[in-house]
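Here the structure is laid out as structure tokens; the discussion comes afterwards.
The values are calculated or read from the model by the stated rules, or taken from the named source; none is laboratory data. Just so it is clear, the model here is predicted, and its values are computed rather than measured. Ideal geometry is used to build each Cβ from the backbone, glycine not excepted, and the neighbour counts take in all protein chains shown.
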Amino acid sequence: MSKCYHCGDNCNITAIVFDDKNFCCNGCKTVYEIFQSNDLTYYYDLQSGAGTTPLAIEGKYDFLTSNTIAQRLIEFDDGTVQIVNLFIPGIHCSSCIWVLENLKKLHPGITNSQVDFPKKTVRVTFKAELVTLKELVILLAKIGYEPYISLDDYDKGKSKTDRSILYKLGVAGFAFGNIMFLSFPEYFEVGEFWLDQYKGLFRWLMFAFSLPVVFYAGSDYLISAYKGLRSGLLNIDVPIALGVLVLFTRSSFEIFFDLGSGFFDSLTGLIFFLLVGRFFQQKTYSFLSFERDYKSYFPIAVTRLSKKKKEETVQVYDIKRGDRLLIRNKELIPVDGILINGKAQIDYSFVTGESEPVQKISGDKVFAGGRQCYGAIEIETLKSVSQSYLTQLWGNSVFQKDKTTAFQTLTDSIGKRFTIAVLAIAIIAASFWMYQDSSKVFNVFTAVLIIACPCAIALAAPFTLGNMLRIFGRKKFYLKDSSVIEQLAQIDTAIFDKTGTITTTQSSSISYEGMELSVEEESLLKNTLRASNHPLSRSLYALLKEHDIETLDEYREYTGKGVQGVKDKSDVKVGSADFVGHQQQSDYNSTSVHVSANDAYKGCFVFNNNYREGVSEVFKEMGRYMDLAVISGDNSGEKTRLEKLLPKLTPLYFNQKPTDKLEFISELQANDKKVLMVGDGLNDAGALAQSNVGLAISENINVFSPACDGILDATKFKYLNNYILASKKAIKIIKLCFILSLMYNVVGLYFAVTGQLEPVIAAILMPLSSISIVAFATLATNVIGKKLN
Amino acid sequence: MSVIYLLLTISIVVALVFFAAFIISVRSGQYDDSYTPSVRMLFEDEVVKNTTIEPTTKIKKSNQLNKKQNL
């Protein structure tokens, strides 16, 4: 079988040959033609089969002609030149970057385009009089790079990137380097004549360099410590801030009164290392968003039918009760409503995770969040966007509170004991020297606080967790931030959603129930299905045994019902129960395709969702050390199958509404359980937000998943247990780092309490402890990462 | 030995110039996307090579080019 030259998919029997190359469909061929005629075939040299099949788009972007909507999306507009930043989920390789940056070859109105690969966005500068935003978007869609424009884009203002960490790192690094350079002579040749002459100048320069470091680069630590103290918390920033302030005042004091050179080198080094740790921890997956709500799924505008049956584009927030809306093929229903006209096949996979479309007839209620899959329908609005069944979930208070602030990290919990211990040692040492040599009291007291400044402790977690985050990312397990790893290590209860989470929507197993089909009937059935393009027909076609290709005497497709094929006076009908003339006894809800031959009912093919590979193993292994449960919005039809698959006595809950799931989790939490929720659809959004760790399973990480703490690629589901165990090991590494850094502290404290802390000792000990902790943490996490599958 | 004042001034000025260069580069957004430029820099040469190899297709398809531009 040949591969499509454009997208790399397998071409079916009907490969389209053009220019000596095979294409799987006309869409791919068209893209190739566009690229070829515009001298862009280098696209295929960079990476073969890199393209994406373009989808049909008629009418989809009509809303972009509305000026108010277009203005909200356009970033810059001076009348002639406009700039727009578009999110294109399809960007995935170097070919994509290349072709998108050569858009100007495709249209003279485009002057410049720049791709941001990690964010999957393209920023296009175009001339407004030559090309409109709508034309630009359609052009992109035609070459297989369809931009994703959602209600979210409409709401957000011009976002500003926060680069303060880079500035702070720059300031601290700059000052640290210069101060090291200025204080170097004093480390060795204290009594030298010329050095004595100029040491005042050197010291005052160091003082000047340290000012921006303490008050700008280190300001976060001072503020955080102040906030912590105000709310009665001794977080790790308290001893850090204490150390910084003591270092700064004692050093300034020393140079004011010409007592010594101060500890400016250690001070700036400390802040620099801390900022490096913070920078390292900030691994973000900019193309993933963990904060999505329904707005990211919903379209900006829909088509409203006015009284005079005229179509007009309206912003979804302006839809009022009673409005008639036209929902085209592949469009999302933004509000709850009643179906008025047309045949609806609604795919609720966003809401429930269930992939098979649901049929609705006129007069039925349709809910917001469903995607129309077949033709255009007309609905009458019952509720506005924010009051619809699905969107109401976001009114719940869990979506307002910030999960991370409530969680006390390991580092912070040690910070409290550490601060108390250090203060105790400082006071004891100071009171000891009070009797021995009262001139040294001030020296010893400050020296203890300086040397005990928990730089290494504060670096252990950022480097361990930051590195772990990257390792997980390479294994397709994307976490929101590093504190999720700590929370994951504490989990003792795991709740799984069923549909789409432990079952897969990609493949389904098909079983046949009913009378055996004769060879002729099966051959006829296969030949009939060959002509049909319906997804169910395609999967059924693949299942049936190979038969000779025969030409049918008659073939007819009844949209939304089924297909009929006639040959040599015998006929076969495949489709819904009504269509083949069978009274359906629907005792379960699975999808089925019925078959009849010569008007006699034969039987049906039942499509069962497949469970993901490794579900039993994951449950068995996780069941050893935590409580498990399955909670599903579906009916209990799958109960027996699930019971067979999962360890005995795993609680199974069916018919749970989104709010039920949320409450179920908050009840568990009330019993002091740390709950992991694994879900996928928008119906799990509440439970994901409520749980301690909410993981979304995603078949395709570029497609949207609900707000959560982490996204796990569906192919890696079987490794879920290994990932949790790895998180637990990461916590052990942090604890080892704490022990290691406490040992350094003991050495440093020896110098401090005996009153012999020289600046040079501090300047050696501080970076040495920090660097060895960082090296240990990075190496140890890499070892864990190697062992991970 | 007062040359030390001069040397110190020079060294600090040089350091400040680099520091300013860093700040300007951050401001202009050079560090916002550290991946794409690494791919982009590999493109240019190949494009030139490519166009010289296939000049015929360019001419042959030039009428199609105009058609497609009126998308």
Residue within the range A:490-506 that is without any contact (Cβ under 8 Å) to a residue 12 or more places away in the chain and farther than 28 Å from A:G269 by Cβ present: no
Among the candidates A:D77, A:D155, A:D62, residue that is acidic (D, E) and at pLDDT 80 or above: A:D77
Residues of the range A:21-31 classified as under 22 Å from A:L103 (Cα atoms), surrounded by fewer than 22 Cβ atoms within 10 Å (Cβ to Cβ) and either within 14 Å of another protein chain (Cβ to nearest Cβ) or touching a helix residue (DSSP H, G or I) at 6+ places or on another chain (Cβ under 6 Å) (or both), total: 2
Residue among A:L46, A:L73 that alone is in the same structural domain as A:T121 (by TED's automatic domain parsing), touching a residue at least 12 places away in the same chain (Cβ under 8 Å) and of a type outside the set (D, E, K, R): A:L73
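This table checks each residue for (1) under 23 Å from A:Y611 (Cα atoms); (2) of a type in the set (D, E).
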{"site": "A:F654", "(1), (2)": "yes, no"}
{"site": "A:P658", "(1), (2)": "yes, no"}
{"site": "A:E667", "(1), (2)": "no, yes"}
{"site": "A:N671", "(1), (2)": "no, no"}
{"site": "A:G679", "(1), (2)": "yes, no"}
{"site": "A:D684", "(1), (2)": "yes, yes"}
{"site": "A:L688", "(1), (2)": "yes, no"}
{"site": "A:N700", "(1), (2)": "yes, no"}
{"site": "A:G710", "(1), (2)": "yes, no"}
Set A:V115, A:V124: member being touching a residue at least 40 places away in the same chain (Cβ under 8 Å) and either buried (at least 20 other Cβ atoms within 10 Å of the Cβ) or under 20 Å from A:P89 (Cβ atoms) (or both): A:V124
Qualifying residue in the range A:418-433 (condition: in a helix (DSSP H, G or I), within 30 Å of A:F751 (Cβ to Cβ) and modelled with pLDDT under 80): no
Of residues in the range A:238-295 being among the charged types (D, E, K, R) and closer than 14 Å to A:D481 by Cα, the one modelled with the highest pLDDT: A:R278
Candidate set from the range A:476-530 (those that are of a type in the set (D, E, K, R) and within 20 Å of the chain's Cα centre (by Cα)); member that is farthest from A:L695 (Cα to Cα): A:E486
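With respect to A:Y588, is the statement that it is within 24 Å of A:S511 (Cα to Cα), part of a loop (DSSP other than H, G, I, E, B) and either of a type in the set (F, W, Y) or at pLDDT 75 or above (or both) true?
So A:Y588 fits the description; yes.
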Complete set of residues in the range A:538-554 that are at pLDDT 75 or above and more than 20 Å from A:V519 (Cβ to Cβ): A:E554
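Got a sec? Which of A:L86, A:L103 is within 14 Å of chain B (Cβ to nearest Cβ), buried (at least 20 other Cβ atoms within 10 Å of the Cβ) and on the phi < 0 side of the Ramachandran plot? Full working, then the answer.
Details: A:L86 fails: within 14 Å of chain B (Cβ to nearest Cβ).
Criteria check complete, one pass: A:L103.
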Matching entry among A:I340, A:I346 (being at pLDDT 75 or above, over 23 Å from A:P706 (Cα atoms) and assigned to a strand (DSSP E or B)): A:I340
Hits in the range A:450-483 - residues which are of a type in the set (D, E) and buried (at least 22 other Cβ atoms within 10 Å of the Cβ): none
In the range A:298-319, the residues that are touching a strand residue (DSSP E or B) at 6+ places or on another chain (Cβ under 7 Å) and either at positive phi or assigned to a strand (DSSP E or B) (or both): A:A301, A:V302, A:T303, A:R304, A:L305, A:E311, A:E312, A:T313, A:V314, A:Q315
Single residue of the range A:312-324 satisfying the filter (more than 31 Å from the chain's Cα centre (by Cα) and touching a residue at least 24 places away in the same chain (Cβ under 8 Å)) that is surrounded by the fewest Cβ atoms within 10 Å (Cβ to Cβ): A:G322
Qualifying residue in the range A:125-135 (condition: touching an Asp or Glu at 6+ places or on another chain (Cβ under 8 Å), of a type in the set (A, V, I, L, M) and away from chain B (no Cβ under 11 Å)): yes
